[in-house]
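J.: Starting off with a structure, shown below.
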Amino acid sequence: MFASFTLLQASLSTEGAVDSDVREALEAMIKTLRTLDTGLIYETKPASAFAAQIQGYIQTVFDELRARMAGEAGMKALRDAEFIGVLVFLARVAVQNDNGRPRGRAFLDFLRSQFPSAPSNQAEEPGLLAP
């Protein structure tokens, strides 16, 4: 739930981000963490600026969570393998909720429906006018 909410916050804070940007950010994070798991330090950067911003936001929150868990007595450390599993799950949910449109936001709308109290940037987007 925490990773899903963080992904939603990252997407909503990135003005103009769409589902393809979110999927690209998730794929880059998965590749980076899998590479780290093998012992190599190589960060995969997405081609899209929106995806890179989403990835940076998620990475920052993940690093803060890891530091907080390491500082708490009795807390179990969050392993990269566990985080990779969560990201792979979210990537699969993103593909499942893809509507096939290049600028589609079906996955983001799905996440928003899971967290109704999440801040929305709907006021910034133009809507339909009723006659």
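J.: Note down, for the stretch 56-99, the three equivalent ellipsoid semi-axes (square root of 5 times each alpha carbon gyration tensor eigenvalue), biggest first, whole angstrom.
T.: 26, 12, 7
J.: Something else: Can you give the accessible area per residue of the chain, in Å², using a 1.4 Å probe?
T.: Here the per-residue accessible area is 62 Å².
J.: Sort out for me the Cα centre separation of the stretch 88-108 from the stretch 18-76, rounded to whole Å.
T.: 19
J.: Which of the helices in the chain meet the span-like rule: DSSP H, Cα axial reach of 18 Å or more, Kyte-Doolittle mean at least -0.5?
T.: Helix filter hits for the chain: 19-37, 49-71, 80-96.
J.: Counting helices only, and only those DSSP H runs with n ≥ 4, report the 222 nm mean residue ellipticity of the chain as the sum of -39,500 (n - 2.57) divided by its residues, in deg cm²/dmol to the nearest 500.
T.: -20000 deg cm²/dmol
J.: Let me ask something else. Among 61, 18, 93, which residue has its Cα furthest toward the positive end of the charge dipole of the chain, with +1 on Lys/Arg Cβ and -1 on Asp/Glu Cβ?
T.: Projecting each Cα onto the dipole axis, the largest value belongs to 93.
J.: When Lys and Arg each count +1 and Asp and Glu each count -1, what net charge do the other residues less than 15 Å away from residue 66, Cβ to Cβ, add up to? Please report the intermediate quantities before stating the final value.
T.: Numbers: positive: 68, 76, 79; negative: 37, 63, 64, 72, 80, 82.
Cβ neighbours under 15 Å give a net charge of -3.
J.: Taking every pair of Cα atoms in the stretch 33-109, average 1/r, invert it to obtain the Kirkwood radius, and report Rg/Rh to two decimals.
T.: When Rh is taken as the Kirkwood radius, the ratio is 1.03.
J.: In the chain, what percent of the accessible surface is made up of carbon and sulfur (1.4 Å probe, ligands and nucleic acids excluded)? Don't skip to the end; give the middle numbers.
T.: Details: 4700 of 8140 Å².
Heavy-atom surface of the chain belonging to carbon and sulfur, 1.4 Å probe: 58 percent.
J.: With charges only on Cβ, +1 for K and R and -1 for D and E, what is the dipole size of the chain about its Cα centre, in debye, rounded to 20?
T.: Once rounded to the nearest 20, the dipole reads 240 debye.
J.: Also, I was wondering about something else. List the relative contact order of the chain as a percent without decimals, with contacts defined as Cα pairs under 8 Å and 6+ residues apart.
T.: Reported as a whole number, the value is 35 percent.
J.: Given N residues in the chain, what is its alpha carbon radius of gyration divided by 2.2 N^0.38 Å?
T.: For the chain, the normalised Cα radius of gyration is 1.13.
The values are calculated or read from the model by the stated rules, or taken from the named source; none is laboratory data. These figures come from a predicted structure and were not determined experimentally. Every residue, glycine as well, gets a Cβ built from its backbone with ideal geometry; the counts of neighbours run over all protein chains shown. The protein model used for the area step is the full one, side chains on, heavy atoms only, and it has no ligands, DNA or RNA in it. Shrake-Rupley method; radii C 1.70, N 1.55, O 1.52, S 1.80 Å.
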